[in-house]
Amino acid sequence: MENIINLLPDNVANQIAAGEVVQRPASVVKELLENSIDAGATEIKLIVEDAGKGLIQVIDDGKGMSPTDIRMCLERHATSKIKNAEDLYYITTMGFRGEALASIVAVSEAEIKSKRADDELGNLVKVHASKVLKQEPCSGSKGTSISIKNLFYNIPARRKFLKKNSIENRHIIDQFERIALVHPDVKFQYYQEGEELFHLQNGTFRQRIVSIFGKNFNDRLVPVTESTDIVSVSGFICKPEYARKTRGEQYFFANNRFIKNHYLHHAVQHAFEELIPKGHHPTYFLKLDLEPSAMDINIHPTKTEIKFEDEKAVYAIIRSSVKKALGEHNITPSLDFNRETTFDDAVTGDAGIPGISVNPDYNPFDNTKKSSGLRKMDYSAVNPAYSTPVDHWESLLKNNPEEVQSHVDFEELENEFVQNTELVKSGEQDSNSTADEKIIQLHNRFIIIQIKSGMMLIDQQRAHERVLFERYLGQLAQGSGKAQQLVFPENIDLNPNDADLLKELMPQLRCMGFDIDDFGKNSFIVRGLPSDIVQPNCPEIIDGVLANYRQNDTELKLDARVNLSYSLAQKNAIKTGRKLDKIEMQMLIDELFACENPNYNPAGKKIIVSQSLEELLKGFE
Ligand code: ADP
Ligand code: MG
């Protein structure tokens with residue numbers, strides 16, 4: 001019988017390979033831009049016509065190619081970036097597979113012009129569907145220009161499948177942004193149908209984000225930095241209030257390469273838990289730097305899906321660094337206290353945008369500094385709900401420093417409140433207005449506070465939920481909840497479902513100060529309750545906590561410890577509709593600002609709404 005196996009001709013093999021690398025015009029843009037970056041370019045120009053179906057041209061000022069290399073680069077598996085299998089573990093360039101250009105020129109009409117700095121003349125090559133039509137010397141400046149015309153002209157079926165121009169252009173913009181974002185040291189220009197769509201000067205990562213996504217982003221970005229042996233994380237997250245329902249800007253770069261990774265996305269999402277409503281997505285631009293050998297970028301031709309050697313550790317580090325950054329962001333309310341000049345500025349019409357002031361000396365593991373700003377008060381005289389002194393922060397910090405990664409400048413933040421509290425207590429007055437006048441309750445629901453730059457409205461119930469939640473979470477972590485023994489232990493009978501849940505939660509409840517024993521047959525005996533429970537009605541408390549727990553579990557998908565702390569906080573918090581006196585309000589505010597996250601309640605709802613004088617004045621225009 002005749003043999004039937006043939007080797008495919010190169011141009012056919014290249015066309016097949018092109019199917020993997022070149023899916024659409026945007027893939028060409030990606031490969032050409034990456035090559036320019038690898039060539040050390042400091043300026044890159046991208047020209048796109050007819051959504052990349054007509055022309056994609058990339059011009060760079062990189063190192064250029066020799067006359068031989070300009071031919072070699074068209075061959076499959078031709079690369080200057082690796083030499084042997086060992087090198088695969090130490091990839092520091094964007095490309096290395098040596099197949100992009102071979103694939104692209106197999107399905108287009110290409111023209112490549114290149115000149116090295118020391119060569120007098122450059123070289124020009126014309127290739128149609130892998131066939132070199134001509135090569136000749138040419139003049140020009142240092143660098144490379146590659147034009148790809150009529151993509152897929154020789155594969156009509158592929159060309160037919162391209163989407164309408166607006167969609168293909170969107171894909172190109174996405175690719176451009178992914179590369180331009182993480183190379184802020186390179187100047188980029190992008191022309192679409194003859195118009196300059198992007199003009200990006202070189203600068204910092206922050207400047208690059210702002211120049212791509214708009215000036216609004218400047219206020220939203222919160223820096224993230226963490227350096228460990230396994231991975232260094234840097235970049236920015238957007239403040240939680242800018243989280244969106246639609247998946248917006250979410251960027252991970254591993255060693256300057258844009259990557260998609262659902263697992264790591266979850267790490268960020270997890271860090272934002274409780275701060276953003278369910279179904280919302282945080283915005284982030286995070287760069288991971290790690291040893292090239294600690295990740296495998298070889299698993300997909302477009303190299304956007306990569307594997308990490310120690311993915312779990314990377315996950316944990318990302319999560320904690322984002323949490324830390326979010327903690328630092330919690331100084332936002334303090335801006336209002338510190339922005340003494342804002343009012344003056346507003347009057348002169350020159351209001352500056354408040355920046356995030358992050359203390360560069362902040363060390364989350366240094367507890368001496370942080371506790372110095374905390375005042376211990378015995379609130380029990382004011383309200384039994386406050387019978388635990390505000391030492392939860394300190395104790396959390398001592399026993400669980402990793403958990404508490406927030407940086408709040410307590411001294412400054414509380415300064416104004418300290419004064420107010422002292423004034424309220426002593427009945428003294430401040431020169432302009434009494435402290436009394438600075439805090440008002442509205443509709444038995446909100447607390448209005450006058451601050452230097454304007455005013456703040458605080459939702460009393462959510463605020464107290466936050467305060468108690470953090471306290472309980474701390475007690476849970478340390479098992480430090482104090483029980484108030486009941487004079488007459490109480491028997492409670494539960495339905496089988498609730499009884500099961502209560503048994504499941506029993507160890508945690510004990511940590512929080514519940515003294516409960518299982519009597520069997522869905523019956524329990526309660527001997528003591530957490531000491532800060534205001535109205536110790538056992539069945540009601542237990543029923544309420546279990547009901548909240550179930551609801552939070554289905555609606556918010558909170559983790560068990562978080563859920564339990566929140567459920568008890570909900571049950572025990574001051575409710576909307578309760579009249580508060582001045583001291584109670586002051587105490588509440590005071591405790592709120594000692595929290596790790598004073599801005600949102602544990603369900604991610606806003607606690608504070610602030611209005612600057614400037615905004616108020618606008619309302620009267
Ligand atoms: P890879 O990038 O994986 O090496 P490519 O097919 O994209 O493979 O490119 C092949 C080779 O062509 C590169 O290794 C590089 O040496 C050269 N090359 C491609 N584009 C440029 C450019 N813009 N400037 C200088 N050299 C380039
Ligand atoms: Mg390449």
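We did not get these values from a lab; they are worked out from the coordinates using the rules stated. Here the structure is a predicted model, which is why all the values come from computation and not from measurement. For neighbour counting, all protein chains shown are included, and Cβ atoms are generated from backbone atoms with ideal geometry for every residue, glycine included.
Observations on the structure shown:
- Each peptide in 129-142, 169-182 was scored by the mean count of other Cβ atoms within 10 Å over its residues; highest first, the order is 169-182, 129-142.
- Here the contact order of region 207-328, divided by its residue count and restricted to Cα pairs under 8 Å and six or more residues apart, works out to 31 percent.
- Extents of region 207-328, largest first, come to 37, 27, 25 Å (Cα atoms, principal axes, whole angstrom).
- Close amide H contacts of residue 287 (hydrogens built in the peptide plane, cut-off under 5 Å, sequence separation of 5 or more or a different chain): 234, 235, 236, 253.
- 5 Å-binned pair-distance histogram of region 10-203 (Cα, whole percent): 1, 8, 17, 21, 21, 18, 10, 3, 1
- When Rg and Dmax are taken over the Cα atoms of region 145-293, they come to 17.7, 54 Å.
- Mean Cα-pair separation over length for region 444-539, i.e. relative contact order, pairs under 8 Å, 6 or more apart, %: 26
- Region 219-289: C-alpha pair distances exceeding 14 Å, %: 59
- Close amide H partners of residue 522, meaning residues 5 or more places away or on another chain with modelled amide H under 5 Å apart, do not exist here.
- Packing-based ranking, highest mean first, of 50-56, 39-45 given that Cβ atoms within 10 Å are counted: 50-56, 39-45
- Every Cα-Cα pair in region 87-134 was counted, and those over 12 Å apart are 70% of them.
- Filter on 126/163; 164/287; 81/113; 278/482; 324/579; 131/164 - keep pairs with C-alpha separation over 26 Å: 126/163; 164/287; 278/482; 324/579; 131/164
- Taking θ as phi - 60° and the Karplus parameters 6.51, -1.76 and 1.60, the scalar couplings of region 230-243 work out to 7, 8, 10, 10, 9, x, 9, 10, 8, 3, x, 5, 9, 5 Hz in sequence order, x denoting glycine and proline.
- Summing +1 for each Lys or Arg and -1 for each Asp or Glu among the other residues whose beta-carbon sits under 10 angstrom from that of residue 76 gives -2.
- FRET efficiency, residue 132 to residue 89 (Cβ-Cβ, R0 51 Å, nearest 0.05): 0.90
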